[in-house]
Amino acid sequence: MHWFTKNTDRVYAKTKRAMSRVVGILKGKKRLDEATLSSLKSALIDADLGLSLTDEAMAHLQTVCAQGVDEDATLLETLKAFLRGFFQPVKPLSESLMPVVLVVGINGAGKTTSIAKLARYYGEQGHKVALASGDTYRAAADEQLNYWADAVGAVFINRPDTQDPAAVMYDAYGTAKQAGATLLIADTAGRMHGQQGLMDQLKKVKRVLGKLDAKAPHEVWLVLDGSLGQSNVTQAQLFHEALGVTGVVLTKMDGSAKGGALFSVAKMGLPIRFLGSGESSEDLQLFDPKVFVDEVFA
Ligand SMILES: Nc1nc2c(ncn2[C@@H]2O[C@H](COP(=O)(O)OP(=O)(O)OP(=O)(O)O)[C@@H](O)[C@H]2O)c(=O)[nH]1
């Protein structure tokens, strides 16, 4: 149960604070005048909702106002429903004997730490989890993943003799199967997304996994640093275009993240799966759109 409750306050606090002006402006209101519209716009942008989503939200509220807001509804409820509508339902993990989750994202987004959290979470759900160390660029990456694998009781797989992450994954797949793993989570390098080389390399990893199991990787999860705000939208577009992202983990929600950007990422059609709320392996929350929207607009 702690997956839902631990650090709840920390996760929502910043976003809640960022949205408090929006709440103040819309609570109890059924009509928008010019002054309200202008302060609402700046409050939404300050909360990191992004310009285009802010404009869409405002246009939606104006349309609703023009039609007349339902008797028992307010503009705050209207906005909440509008934003909730962007969240995609999260599908359960594939029922394959050993689903493979490829974890991608830029340097420092929190991939390795999130993998530790995911390994712990799915371990507690009854999976035998194996972690493959596919970040062959950063010298300490192996060591860091090995540490976390030991800490959360996962199988650690690496290949220090090669720089080719596709070769690591090819072997890791077999090794994990042999070890009886029921879930393989693969760490990858995170050099800047602008580097075509990184995307090409990640595509190669995907292709190689696909040769071992036509459906692998079953998931490509993008780890985004929540404190980076709207720049996450550009990152998500690049990774999604190259790799077909199937889920998002938003980290550092306990830090300076305002959280508004999460709506823009959701609007791209990418399911938000988890929120990271700290540096330990239990600082993870299953993402629930209803809870999130209710909490941050409370
Ligand atoms: N406060 C906080 N810190 C986090 C969270 N997730 C990760 N971190 C920290 O962010 C830093 C980077 O995390 P890593 O997991 O090493 O990031 P990475 O994406 O694997 O980075 P590279 O291996 O360099 O590509 C570390 O100091 C983590 O402890 C989180 O949810 N909250």
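The values are calculated or read from the model by the stated rules, or taken from the named source; none is laboratory data. These numbers were taken from a predicted model, which means no experiment stands behind them. All Cβ positions, even for glycine, are placed from backbone atoms using ideal geometry, and neighbour counts span all protein chains on display. The accessibility values were calculated without ligands, DNA or RNA, using every heavy atom of the protein model including side chains. Shrake-Rupley method; radii C 1.70, N 1.55, O 1.52, S 1.80 Å.
Structure data summary
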item	result
Filter result for Ala81 (at pLDDT 90 or above and either open to solvent by less than 60 Å² (accessible area, probe 1.4 Å) or away from the ligand (no atom under 11 Å from the Cβ) (or both))	yes
Among residues of segment 199-252, those that are away from the ligand (no atom under 16 Å from the Cβ), surrounded by 18 or more Cβ atoms within 10 Å (Cβ to Cβ) and free of Cβ contacts under 8 Å to residues at least 60 places away in the same chain, counted	4
Residue list for segment 133-147, filter: touching a residue at least 40 places away in the same chain (Cβ under 8 Å) and either assigned to a loop (DSSP other than H, G, I, E, B) or in contact with a Lys or Arg (Cβ under 9 Å, 6 or more places away or on another chain) (or both)	Ser133, Asp135, Thr136, Tyr137, Arg138
Boolean, Ser277 is within 13 Å of the chain's Cα centre (by Cα) and within 13 Å of the ligand (Cβ to nearest atom)	yes
Of all residues making up segment 280-296, the number that are more than 16 Å from the ligand (Cβ to nearest atom) and either modelled with pLDDT of 90 or more or open to solvent by 10 Å² or more (accessible area, probe 1.4 Å) (or both)	7
Lys258, sole failed condition from (1) more than 20 Å from Leu102 (Cα to Cα); (2) open to solvent by less than 30 Å² (accessible area, probe 1.4 Å); (3) in a loop (DSSP other than H, G, I, E, B); (4) of a type outside the set (S, T, N, Q)	(2)
Test: residue in segment 169-188 that is surrounded by 18 or more Cβ atoms within 10 Å (Cβ to Cβ) and among the acidic types (Asp, Glu)	yes
Ser52 being assigned to a helix (DSSP H, G or I), out of contact with any strand residue (DSSP E or B) (no Cβ under 9 Å at 6 or more places or on another chain), more than 27 Å from Ala242 (Cβ to Cβ) and of a type in the set (Ser, Thr, Tyr)	no
So Thr162, is it of a type in the set (S, T, N, Q), outside any loop (DSSP other than H, G, I, E, B), more than 13 Å from the ligand (Cβ to nearest atom) and surrounded by fewer than 24 Cβ atoms within 10 Å (Cβ to Cβ)	no
Selection within segment 127-137 - touching a Gly at 6+ places or on another chain (Cβ under 8 Å) and either among the charged types (D, E, K, R) or within 13 Å of the ligand (Cβ to nearest atom) (or both)	Lys128, Asp135
Boolean, Ala266 is among the small types (Gly, Ala, Ser) and either under 16 Å from the mean Cα position of the chain (by Cα) or more than 15 Å from the ligand (Cβ to nearest atom) (or both)	yes
Matching residues in segment 91-140 - criterion: being under 18 Å from the mean Cα position of the chain (by Cα), more than 15 Å from Glu219 (Cβ to Cβ) and of a type in the set (Lys, Arg)	Lys117, Arg120
Residue among Lys41, Lys111, Lys80 that is of a type in the set (D, E, K, R) and under 24 Å from Glu282 (Cβ atoms)	Lys111
Residue tally, condition under 16 Å from the mean Cα position of the chain (by Cα) and small (Gly, Ala, Ser), over segment 190-233	5
Residue list for segment 110-126, filter: within 14 Å of the ligand (Cβ to nearest atom) and either part of a helix (DSSP H, G or I) or among the polar types (S, T, N, Q) (or both)	Lys111, Thr112, Thr113, Ser114, Ile115, Ala116, Lys117, Leu118, Ala119, Arg120, Tyr121
Asp142, sole failed condition from (1) within 16 Å of the ligand (Cβ to nearest atom); (2) buried (at least 24 other Cβ atoms within 10 Å of the Cβ)	(2)
